[in-house]
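This report concerns only the one structure given below.
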Amino acid sequence: MKKTSLLLSLFLVLFALTSNGQQYRTVELKPITQQGWRYYYDLKKVTSPVALEVPLLAVNDDEVNRYLKGYKNWTSAASFVTIVPLIYFLSLPKSGYVDQETFWWVFGGTIAAQLGMTAVSHIKLGKSIDRYNMLILQPSGRSLGLSVTYKF
C-alpha cells in the first residue's frame, strides 16, 4: 500500500511540474480606437465596453484605473436610475390613481438622467482609452534608435 501511494504521489508531482499550468504568457497590447460609442481593439469591434477592462487594467496606470472606475460607477448609477418609475408605481396609494403629469415628469426625468449618466460614463471611458493609447504607443527607454535633424 505504501508503494502504491508513493508512486501515485510521485506521478502527481511530476505531472504537475510538466503540465505547464502556471506559465505566464506575454501578450502585446494593441491600441484601442473609438468611433462614437463603438470601440475597436486591434481594429476588431468590441461587443461591450466592459471587454476593454482587461487591456486597460494591464497597463497598471493609476490614471487609467481612476477613469475606468469612474466609468463603472457612472454606468452603475445609470442602471440604478431606471428603477425610479418602478418605485413611483409602488408608492402609489391603493386607489391606483396615477397623475399623468407626474408620471411623464418621472418617466422623462428618468430617461434624461439615464442618458446623461451614460454619456458621462462614456466620456470617462474615452479618457481612459486616450491615456491607455498614450502609454502603449510611446517608445520605451530601452529601444535603440538614431535621431537625425537637419537645419536648412
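General observations
- Residues that are under 27 Å from Lys124 (Cβ atoms) and of a type in the set (Gly, Ala, Ser), drawn from the range 53-100: Ala58, Gly70, Ser76, Ala77, Ala78, Ser79
- Where Pro49 falls short, out of the listed (1) of a type outside the set (Phe, Trp, Tyr); (2) closer than 18 Å to Leu115 by Cα; (3) free of Cβ contacts under 8 Å to residues at least 40 places away in the same chain: (3)
Residue-wise test of (1) assigned to a helix (DSSP H, G or I); (2) modelled with pLDDT of 90 or more; (3) buried (at least 16 other Cβ atoms within 10 Å of the Cβ).
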site	(1), (2), (3)
Pro85	yes, no, no
Gly96	no, no, no
Trp105	yes, yes, no
Ala112	yes, yes, no
Met134	yes, yes, no
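- Pairs, first touching a residue at least 60 places away in the same chain (Cβ under 8 Å) and within 30 Å of Ala119 (Cβ to Cβ) in the range 25-39, second of a type in the set (A, V, I, L, M) and part of a strand (DSSP E or B), C-beta under 9 Å, six or more apart: Tyr39/Ile32
- Residue within the range 44-63 that is more than 14 Å from the chain's Cα centre (by Cα) and among the hydroxyl-bearing types (Ser, Thr, Tyr) present: no
The values are calculated or read from the model by the stated rules, or taken from the named source; none is laboratory data. All values reported here derive from a predicted model rather than from experimental measurement. As a convention, Cβ positions derive from the backbone with ideal geometry for all residues, glycine included, and neighbour counts pool all protein chains shown.
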